[in-house]
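Read the structure below first, then the notes.
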Amino acid sequence: MSNLALDLLLQAIPVAFTLFVVLNFGGILTWVERKQSAIMQDRLGANRASIFGIRVLGLLHPLADAIKMLTKEDFMPARADRLMFKVAPFVSVFFALAAFASIPFGDTLKIAGREIQLQAVTLNVGILYVLAMLSLGVYGLMMAGWASANNYALLGGQRAAALMITAEVAIGASIMGVVMVYGSLNMQDIARAQGLPLLPQYFGPWIPAWGILTQPLAFVLFLTAGIAATKRIPFDMPEGESEIIGYFVEYSGMKFGMFAMADFLETVVIAGMTTALFLGGWQVPYLGSSGFSFPWGMEVPLPDLLVTGIQVIAFLTKVVALIWFLMLIRWTLPRFRYDQAMRLGWLGLFPLSILNIVITGLVLLLLGKA
Amino acid sequence: MPSPYQSSNTPADPRHSSRLGLAQRFYLLEVLSGLKLTGLRFFANMARHTLHTVFRVKSAHGAVTIQYPDERRPYSPRLRSLHRLVRRDDGSPRCVACMMCETVCPAHCIYIVATEHPNPEIEKVPERFDIDLGKCVFCGYCVEACPEDAIRMDTGILEFSSFSRGGMIYTKETLLALEPAGPHGVPTSPVPIPADRTMPVIRSTPS
């Protein structure tokens, strides 16, 4: 009985860690967005919110925002579909949160004689799960657009659906190259395979087989389509603040905040997924399960727990760096027009990712791995 | 030869899509060059912020922001700010109530009532000298017109406000109490409290 309780408790560790990391990242991203854009534009950014005169670089602004959102009027249009209007933001946030579950953030945690996979949900079809959750998230936007009884909101919801289909097709097709190279749909297996040396017959043990090296074209395609999936500038047609306000035009207070939160959560998910598939996941170069073993023959043995800690920190560092990069893109590029985004998706990303699959297949055949 | 009436983004415009090269139309390279620009700017500013905050190099500025209520930009000595009445050595106004400023004022915001000065050498003195700052346009004509150099606009005070129109009328006593601004236009006297503002008055002696 106590064994079962212990098992449950240990299994709760990765789940709790995932929830903690994703939720906090989502909250802090509002601050990161304001501060990073300010620094890029020679401004100071949010720095006025304070508790007893302590400002901590404006880090209290997410807190102040949350209080503001919770105390604002919760408005609902008279002709809105009451149930769908209320459910929509929850759907949006829930699927964005759930999507992170099968992204591994470490190898295995050896504790109390057990081996725990550092992944909230161990799934053989992890990639498909993340894709499914990401695309289910768009139901929230469509529901919001429909339930608001507002033509602009409906247009926004429709655009969200069109954009999501465009992005999902490109994401799915570009990931196929990765799946072909590493031979698995399990994200933990893919992360492990990225620690092996790349083409040892040519390069020796020097270069780890990270996805960005084996699938450079897929990396660019996936990142582009991933940014489109987050519905942020340059792909912000569903919101389109300068033309239609978008699917959340009738929302106020914390419901609106949840839609904004879902965007940030999706940014975290895309960053986590890109890390897991293309940047080696939790891999640190030359760090094995028992310590560093450098190709020039030096060995640094490390205890298991320390190795696991380094891996988790490495994963989080990569995610943070990638989020920084996504923010940089968001504050640099002008937004695409609706037709431009559709053209980019269907005439650019999709054919290129099919081409990538063909090239990957040919190369695998030539290397004798297929 | 391009017509002067030609609007931008026509085929003759170098920014028109038909004039873009292949690399520009491919867009990805252009994206990278844009990201390089903003990314480098980010790190340059980040380095300046770190120097300023962590290493206390006060000359390093990562932003051009002046946090206004906390800090003011240096103002020119010629700045026209809140008026003040210049005092004689005995504390009475230097003004001789000649009505020059009231006459020249384009906004008709100065109101003067003259009276006799106890000193027979001095012709007159204002009994009342009110400026309606709600009407004042800060042209500075009153300062130029004054033959006695009795009114100046050098207090550096800009943040005067009131809840009512009556509160914007500043009286002789208020204007006489003001001092000229220090270097960079920093005010040396406190912002006068308007007549309609109920503020806790701290009395030195119980009344």
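The values are calculated or read from the model by the stated rules, or taken from the named source; none is laboratory data. All figures in this text were calculated on a predicted structure; none of them were measured in a lab. Note that we place each Cβ from the backbone using ideal geometry, even for glycine, and neighbour counts take in every protein chain shown. Protein only, heavy atoms only, side chains kept; ligands, DNA and RNA dropped before computing areas. Shrake-Rupley method; radii C 1.70, N 1.55, O 1.52, S 1.80 Å.
Overview of values
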{"item": "Lone unmet requirement of (1) more than 14 Å from every other protein chain (Cβ to nearest Cβ); (2) in a helix (DSSP H, G or I); (3) touching a residue at least 60 places away in the same chain (Cβ under 8 Å) for A:VAL32", "result": "(1)"}
{"item": "Odd one out for B:ILE157 among (1) out of contact with any Leu (no Cβ under 6 Å at 6 or more places or on another chain); (2) surrounded by 15 or more Cβ atoms within 10 Å (Cβ to Cβ); (3) not in a strand (DSSP E or B)", "result": "(1)"}
{"item": "Top-ranked residue of segment A:60-70 - restricted to ones that are without any contact (Cβ under 8 Å) to a residue 40 or more places away in the chain and either open to solvent by 60 Å² or more (accessible area, probe 1.4 Å) or touching a Cys at 6+ places or on another chain (Cβ under 9 Å) (or both), ranked as farthest from A:ASN24 (Cα to Cα)", "result": "A:LYS68"}
{"item": "Residues located in segment A:11-41, provided they are of a type in the set (S, T, N, Q) and either open to solvent by less than 20 Å² (accessible area, probe 1.4 Å) or in contact with a His (Cβ under 8 Å, 6 or more places away or on another chain) (or both)", "result": "A:THR18, A:THR30, A:GLN36, A:SER37"}
{"item": "Some residue of segment A:42-56 being exposed (fewer than 14 other Cβ atoms within 10 Å of the Cβ), of a type outside the set (Gly, Ala, Ser), out of contact with any Lys or Arg (no Cβ under 7 Å at 6 or more places or on another chain) and within 30 Å of B:LYS36 (Cα to Cα)", "result": "yes"}
{"item": "Options B:THR65, B:THR53; residue that is within 25 Å of the chain's Cα centre (by Cα), over 28 Å from B:CYS136 (Cα atoms) and within 14 Å of chain A (Cβ to nearest Cβ)", "result": "B:THR65"}
{"item": "Check on A:ALA78, crowded, with 16+ Cβ neighbours inside 10 Å and over 23 Å from A:LEU316 (Cβ atoms)", "result": "no"}
{"item": "Answer residue from segment A:180-197, given it is part of a helix (DSSP H, G or I) and open to solvent by 10 Å² or more (accessible area, probe 1.4 Å) and is nearest to A:ALA314 (Cα to Cα) among those", "result": "A:ARG192"}
{"item": "Test set (1) in a loop (DSSP other than H, G, I, E, B); (2) within 20 Å of A:PHE248 (Cα to Cα) - A:LYS68 fails condition number", "result": "(1)"}
{"item": "Qualifying residue in segment A:322-333 (condition: buried (at least 20 other Cβ atoms within 10 Å of the Cβ), away from chain B (no Cβ under 14 Å) and at pLDDT 90 or above)", "result": "no"}
{"item": "Pair list, Cβ < 7 Å and 6+ apart or interchain, from segment B:36-47 residues that are facing chain A (nearest Cβ under 7 Å) to residues that are open to solvent by 50 Å² or more (accessible area, probe 1.4 Å) and not acidic (Asp, Glu)", "result": "B:THR38/A:TRP331"}
{"item": "Qualifying positions in segment A:22-37 - out of contact with any Pro (no Cβ under 6 Å at 6 or more places or on another chain) and either β-branched (Val, Ile, Thr) or at positive phi (or both)", "result": "A:VAL22, A:ILE28, A:VAL32"}
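Matching residues to (1) free of Cβ contacts under 8 Å to residues at least 40 places away in the same chain; (2) in contact with a helix residue (DSSP H, G or I) (Cβ under 6 Å, 6 or more places away or on another chain):
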| residue | (1), (2) |
| --- | --- |
| A:PHE25 | no, yes |
| A:MET40 | no, yes |
| A:ASN47 | yes, yes |
| A:GLY53 | yes, no |
| A:GLY58 | yes, no |
| A:PRO89 | no, yes |
| A:LEU109 | no, yes |
